[in-house]
Amino acid sequence: MAKESRIIDFMGVRHYTSAISILFVVISLVALATQGLNFGLDFTGGTQIEIKLNKTANLDQIRSVLEKENIKNPVVLLFGSDQEVMIRTQDQMIEKAKEKLSKQLAAINPQITLDAVERPGREYDGFASVLVIGNAKAETLQQQQLFSAEYGRVHYADRDGKLLVVVEKPIESVYLAGLIHSIEVATLSEIKLLSSEFVGPQIGDELRDQGGLGMIAAFALVFLYVAVQFQWKFSVGAIMGLVHDVIVTLGVFAIFQWDFDLTVLAAILALIGYSINDTIVIYDRIRENFRIMRKMHPHEVINISITQTLGRTIMTSVTVYIVLACLYFIAGETLQGFASALIIGIIVGTYSSVYICANITAALGITKEDLMPKTPENSEADQLP
């Protein structure tokens with residue numbers, strides 16, 4: 001009786017917790033529908049730049065330069081050493097170069113436009129970019145010295161009333177050189193460009209589709225496993241809990257517009273494994289107690305079972321949080337998205353294991369008869385007169 005007095009009435013607040021869960025899910029779905037996820041470079045494509053400084057890199061100064069250049073969603077992190085920096089952005093350098101040139105042309109005359117950037121044909125062998133400019137004369141641009149030595153050789157031509165400016169160097173490399181120079185000035189260092197490469201979105205689309213299929217497969221296998229090991233009513237509760245965890249976690253990322261990259265997708269898949277493991281422990285205790293406490297109401301049995309496993313649930317969550325805190329604060333910016341997703345997901349997953357999964361199972365009318373071992377049809381008892 002002493003133990004019974006310490007039983008927590010989880011089922012007594014099931015209506016309130018159900019309302020809270022529905023509210024969170026609705027808010028998350030609205031955020032996902034209206035704002036969507038802020039897909040990172042892995043999904044959208046962009047540019048990855050690797051540079052090496054001649055002294056310890058100050059990441060805050062580098063970020064400040066990128067912000068002034070209006071670089072989209074820049075990620076700046078160390079790799080290899082404290083002098084080597086990786087910059088990842090959803091921007092393409094050629095688009096930033098076009099944007100900068102358009103502003104420079106507009107500053108000369110608002111009527112001058114950059115209509116297109118083309119790759120030169122055979123007639124311009126040795127040149128890299130052809131700029132198609134409207135409402136401009138070669139003399140005007142030459143006087144303004146817009147295309148200086150950094151572009152290499154420059155050739156002017158006319159095509160159907162448009163001014164063609166053919167430059168020796170790719171305009172994206174010129175823009176990148178200017179960006180690196182700005183970082184050098186801000187950090188008072190010398191910088192060597194190690195690599196600059198375009199990351200195509202097609203890879204991201206493929207991995208996104210595979211990740212979605214992996215999540216669906218995980219849900220299906222979890223449903224089958226729980227149905228075989230326990231009962232189909234437990235399967236419904238488990239799946240609803242997992243769906244709740246994933247939607248709410250994704251909803252938080254949509255609300256705050258945090259970058260959603262492959263590390264976050266990996267965290268979502270890991271969350272499914274963690275959450276179902278916690279749920280299975282509770283389900284196993286519920287099944288065991290249903291077979292022992294046959295005269296109790298199902299809600300009482302569930303309350304006792306969750307209370308008995310509550311210590312294990314809390315200790316598991318705390319130990320995982322210690323690891324995630326280390327990842328978030330020490331492991332660097334690369335793993336912060338992964339850690340953030342799991343930190344949120346484990347809070348939601350622990351809540352759903354206690355309040356959602358068991359609640360749905362109880363609402364479906366689970367009884368001790370559902371969990372009693374089946375008697376074989378051709379047993380000796382059936383053969384008695």
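The values are calculated or read from the model by the stated rules, or taken from the named source; none is laboratory data. Remember, predicted model here, so these are calculated numbers, not experimental data. All Cβ positions, glycine included, derive from the backbone under ideal geometry; neighbour counts span all protein chains shown.
When the test is whether a residue is among the charged types (D, E, K, R) and surrounded by 13 or more Cβ atoms within 10 Å (Cβ to Cβ), GLU139 does not pass it. Step by step: first the residues of segment 42-95, then only those that are modelled with pLDDT of 90 or more and small (Gly, Ala, Ser), then the one that is nearest to GLY178 (Cα to Cα). Which residue is that? Ranking the qualifying residues of segment 42-95, first place goes to SER64. Candidates ALA254, ALA341, ALA270, ALA266: the one that is touching a Gly at 6+ places or on another chain (Cβ under 7 Å), surrounded by 15 or more Cβ atoms within 10 Å (Cβ to Cβ), assigned by TED's automatic domain parsing to the domain that holds ALA227 and in contact (Cβ under 8 Å) with a residue 60 or more places away in the chain is ALA254. Take GLU300 and tell me if it is part of a helix (DSSP H, G or I), surrounded by fewer than 16 Cβ atoms within 10 Å (Cβ to Cβ), assigned by TED's automatic domain parsing to the domain that holds LEU364 and not hydrophobic (A, V, I, L, M, F, W, C). So GLU300 fails the test. Identify the residue in segment 88-108 that is surrounded by 13 or more Cβ atoms within 10 Å (Cβ to Cβ) and without any contact (Cβ under 8 Å) to a residue 40 or more places away in the chain and, among all such residues, is nearest to the chain's Cα centre (by Cα). Once the filter is applied, the top-ranked residue is GLU95.
A quick yes/no check of all residues on (1) at pLDDT 90 or above; (2) over 26 Å from GLN90 (Cβ atoms):
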position: MET215; (1), (2): no, no
position: ALA218; (1), (2): no, yes
position: PHE230; (1), (2): no, yes
position: PHE234; (1), (2): no, yes
position: PHE253; (1), (2): yes, no
position: PHE256; (1), (2): yes, no
